[in-house]
Amino acid sequence: MFCPPHVLRWIDELCYWVLLSSDGVTCLCQSLVGFPTAEEAEANFQWWYATK
């Protein structure tokens, strides 16, 4: 599945996904909740993107 530019960020031991603009600089959206693993954050991003 194609996914737009995004990164995973760790804050207080939780992982959040951040959707980036096409230039990879500006944050367009981010997860409202943190996840205990990067895999869960990535899976949530893919689910969120697929439902948009």
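The values are calculated or read from the model by the stated rules, or taken from the named source; none is laboratory data. Values in this document were obtained by computation on a predicted structure and should not be read as measured data. All Cβ positions, glycine included, derive from the backbone under ideal geometry; neighbour counts span all protein chains shown. Just the protein is used for accessible areas: all its heavy atoms, side chains included, with ligands, DNA and RNA removed. Shrake-Rupley method; radii C 1.70, N 1.55, O 1.52, S 1.80 Å.
Structural remarks
- Check on residue 12, over 12 Å from the mean Cα position of the chain (by Cα) and at pLDDT 95 or above: yes
- For region 17-52, a residue qualifies if it is of a type outside the set (A, V, I, L, M), open to solvent by less than 50 Å² (accessible area, probe 1.4 Å) and in a strand (DSSP E or B), and the qualifying residues are 17, 29, 35.
- Residue pairs whose Cβ atoms lie under 6 Å apart, sitting 6 or more positions apart in sequence or on different chains, and linking a residue in region 33-50 that is over 21 Å from residue 2 (Cβ atoms) to a partner that is hydroxyl-bearing (Ser, Thr, Tyr), are 34/16.
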